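J.: One structure is given below, represented as structure tokens, and several questions about it will come after.
The values are calculated or read from the model by the stated rules, or taken from the named source; none is laboratory data. Owing to the predicted nature of the structure, the values given are computational and were not obtained by experimental measurement. Positions of Cβ are generated from backbone atoms using ideal geometry, with glycine treated the same way; all protein chains shown enter the neighbour counts. Quick note on the areas: whole protein, heavy atoms, side chains included, nothing else; ligands and nucleic acids left out. Shrake-Rupley method; radii C 1.70, N 1.55, O 1.52, S 1.80 Å.
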Amino acid sequence: MQPIIPLRPYEPQPDLGTPAPRVGDAAETVALTIDGRAVEVPAGTSVMRAAALAGIDIPKLCATDALDAFGSCRVCLVEIEGRKGAPASCTTPAEAGMVVHTGTDKLLRLRKNVIELYLSDHRPEEAANKGVENALLDIAADLGVDHSRYDLGGRNHQHLPLDDSNPYFRFDPAACIVCYRCVRACEDIQGTFALTVSGRGFDSVIAASQLDNFMESECVSCGACVDACPTTALQEKSVVEAGTPDEYQITTCAYCGVGCGFRAELKGGEVVRMTPWKDGQANEGHACIKGRFAWGY
């Protein structure tokens, strides 16, 4: 009898914050110092990615290594000796001789303030939903932020209705921080352009092709937006029901001959979701509706 391959304890897939530099740009390397550690990375690497490669975690919400840097969330601020202000590490390229600090008292104050602004319009009961991943609440916990000084009872987005039209995932605008990751994933990874940001300023909301819901839009249910979302705004219904997986195993989708790599993620021995494996050489972290959601077969 063939031995059963043991499952691995669940952990999120690693995310270095920004993509690796293009091959032509990375012919040379640059040496810099981050939090006292000597780091050498290919030219064109962001400060955020350089720090991650050195084992230094810089908090992020709008950044992911599946998409080009965007620089909107302002959580990943760093200080660089000889420069004014606190630039975003995701959009700042590493340079030779650069000396970077990622956890000064000034940076912690700035990050706490930014997180409080986000939490002022984020559903309070999300904090009690401990069975579902939420990067915003994780960062808030790491920074010791348990309330917002800006939650003064003014206008908010908590009245916006839940979009439950898609059979595989839901969209909860009350949990959305309008970080654009889902919009950019739909455009840059899937190429469907089904999502957009409607309105400006406070009225900015994620919209499915300016229509009422996901099922009426051009959405093809590939799940790229769900994978990209850092909060619980876009979430698989199976995970909402069962909670975050506790085990996983690498496997191959059997629907067609492409051979897409997946992580079969389980809770209590039952599959709760299939997520595209970022190291899958056939799909590189992306999937179609069949492999991503139709695993019930």
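J.: In whole Hz, what ³J(HN,Hα) sequence does region 236-246 give by Karplus (6.51, -1.76, 1.60; θ = phi - 60°), x for Gly and Pro?
T.: Residue by residue, region 236-246 yields 4, 5, 5, 6, 4, 6, 9, x, 5, x, 10 Hz.
J.: Please list GLU133, GLU218 from largest to smallest accessible area, probe radius 1.4 Å, with all protein chains kept in place.
T.: Heavy-atom accessible area, descending, gives GLU218, GLU133.
J.: Return, ordered by residue number, the residues of region 44-83 whose backbone nitrogen is under 15 Å from a label point located 7 Å along Cα→Cβ of THR104.
T.: Answer for this model: 77-83.
J.: What size of dipole, in debye to the nearest 20, comes out for the chain about its Cα centre when the only charges are +1 on Lys and Arg C-beta atoms and -1 on Asp and Glu C-beta atoms?
T.: That gives the chain a dipole magnitude of about 320 debye.
J.: Please work out how much length the chain gains when fully extended from LEU162 to GLU241, using 0.36 nm per residue of separation minus the C-alpha to C-alpha distance, in nm with one decimal.
T.: Gain in length upon complete extension: 26.9 nm.
J.: What is the extension gain from CYS256 to TYR150, computed as 0.36 nm multiplied by their sequence separation minus the C-alpha to C-alpha distance, in nm to one decimal?
T.: Gain on stretching CYS256 to TYR150: 33.1 nm.
J.: Calculate the radius of gyration of the Cα atoms of the chain to one decimal place, then report Dmax, the largest Cα-Cα distance, as a whole number, both in Å.
T.: In Å, with Rg to one decimal and Dmax whole: 19.9, 65.
J.: OK, next. For ALA141, put the label point 7 Å out on the Cα→Cβ axis and report which residues of region 223-257 keep their amide N under 13 Å from it.
T.: 244
J.: Okay, moving on. Classify region 95-202 from the C-alpha gyration tensor, please: rounded if a/c falls under 1.5, else prolate or oblate depending on whether a/b exceeds b/c.
T.: oblate
J.: Write down the accessible area per residue of region 175-271 in Å², having rolled a 1.4 Å probe over the full set of protein chains.
T.: Per residue, region 175-271 has an accessible area of 43 Å².
J.: While we're here: Name the chymotrypsin sites (Phe, Trp or Tyr not before Pro) in region 104-187 that are in a loop by DSSP and that have at most 15 other C-beta atoms within 10 Å, would you?
T.: Filter output for region 104-187: TYR150.
J.: Moving to a separate point now. Using only DSSP helix segments of four residues or longer, with each worth -39500 (n - 2.57), what per-residue ellipticity at 222 nm results for the chain after dividing by its residue count and rounding to 500?
T.: Mean residue ellipticity at 222 nm (helix-derived): -4500 deg cm²/dmol.
J.: Given a Förster distance of 51 Å, report the FRET efficiency between PHE193 and GLU270 from their Cβ-Cβ distance, rounded to the nearest 0.05.
T.: 0.90
J.: So how much slack lies between THR33 and GLU284, counting 0.36 nm per residue of separation and subtracting their Cα-Cα distance, in nm?
T.: 87.3 nm
J.: Rank these by accessible area, largest first, 1.4 Å probe: THR231, THR196.
T.: My answer, sorted largest first, is THR196, THR231.
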